[in-house]
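Input: a single structure, listed below in structure tokens.
The values are calculated or read from the model by the stated rules, or taken from the named source; none is laboratory data. Just so it is clear, the model here is predicted, and its values are computed rather than measured. Backbone-built Cβ (ideal geometry, glycine too); neighbour counts: all protein chains shown.
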Amino acid sequence: MNSQNSLKLLGSIILLFVFTILILTQSLIYQKTQLIQAPLWTLLVTYIVLHRSFWGGIIYSYLFAFLLMHFSAMSWGIALCCCILMSLLIHQVKKGLHWPQFGFYFLVCILIGLAYPIIYWGLSSLAFNEWSSLSFFSLIWGILFTLFVSYPLYLFFKYVDHLFFKNRNDYEMDY
């Protein structure tokens with residue numbers, strides 16, 4: 001394995017570790033507030049899908065679903081469907097319009113912030129044959145908190161990409 005592939009593998013492992021930290025932070029925030037369900041991990045899913053090829057985004061989404069299942073109360077099927085559906089939604093938006101700046105990332109984070117609770121609510125209601133409630137207050141606070149931390153995390157993700165994925169085609173918006 002040459003040094004470029006070793007760097008990419010290390011970068012991927014670091015991104016998976018960061019994903020795990022974001023899941024655990026989300027759980028900690030919910031345990032402390034009992035109101036705010038801020039899906040911080042959706043920020044990394046958004047970034048990865050925007051800055052990788054279609055199949056790269058799908059593979060990362062599959063790995064993210066595996067971690068999500070282990071570090072949250074989500075079942076494997078719901079976690080996988082949520083991650084894949086979000087990836088497909090992000091990819092469709094990316095195909096339609098894009099610019100490689102924070103503004104586009106922020107807009108897609110707003111879209112995913114609105115779409116994720118609805119996707120999760122729909123999938124869990126269908127899987128368990130009972131319609132659960134969707135808290136409007138929790139939804140709004142979760143989106144606001146997620147958007148509040150999106151810029152610092154975006155800068156961190158760009159820094160990790162620059163360090164480990166030096167080839168411009170590996171981390172710029174790719175179709």
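Go through region 51-85 and count every residue that is out of contact with any helix residue (DSSP H, G or I) (no Cβ under 6 Å at 6 or more places or on another chain), assigned to a helix (DSSP H, G or I) and either under 19 Å from Ile143 (Cα atoms) or of a type in the set (S, T, N, Q) (or both). The number of residues fulfilling the criteria is 0.
When region 1-36 is filtered for residues that are at pLDDT below 75 and in contact with a helix residue (DSSP H, G or I) (Cβ under 8 Å, 6 or more places away or on another chain), the ones remaining, listed by number, are Met1, Leu35, Ile36. Could you list all residues from region 41-87 that are over 19 Å from Leu147 (Cα atoms), of a type in the set (Ser, Thr, Tyr) and touching a Ser or Thr at 6+ places or on another chain (Cβ under 6 Å)? Once the filter is applied, which keeps residues that are over 19 Å from Leu147 (Cα atoms), of a type in the set (Ser, Thr, Tyr) and touching a Ser or Thr at 6+ places or on another chain (Cβ under 6 Å), region 41-87 yields only Ser61.
Going through (1) surrounded by 15 or more Cβ atoms within 10 Å (Cβ to Cβ); (2) not in a loop (DSSP other than H, G, I, E, B) one by one, Ala38 falls short only on (2). The number of residues in region 100-133 being assigned to a helix (DSSP H, G or I), hydroxyl-bearing (Ser, Thr, Tyr) and either in contact (Cβ under 8 Å) with a residue 12 or more places away in the chain or exposed (fewer than 13 other Cβ atoms within 10 Å of the Cβ) (or both) comes to 4.
Restricting region 134-155 to residues that are in a helix (DSSP H, G or I) and hydroxyl-bearing (Ser, Thr, Tyr), the residue that is surrounded by the most Cβ atoms within 10 Å (Cβ to Cβ) is Thr146.
Within region 89-99, the set of residues being in contact with a Phe, Trp or Tyr (Cβ under 9 Å, 6 or more places away or on another chain) and under 16 Å from Tyr60 (Cβ atoms) comprises His91, Lys94.
Can you say whether Leu28 is closer than 24 Å to Phe164 by Cα and not charged (D, E, K, R), as far as the supplied structure shows? Against the criterion (closer than 24 Å to Phe164 by Cα and not charged (D, E, K, R)), Leu28 does not qualify. Consider region 1-52. How many of its residues are of a type in the set (Lys, Arg) and farther than 16 Å from Leu63 by Cα? Count: 1.
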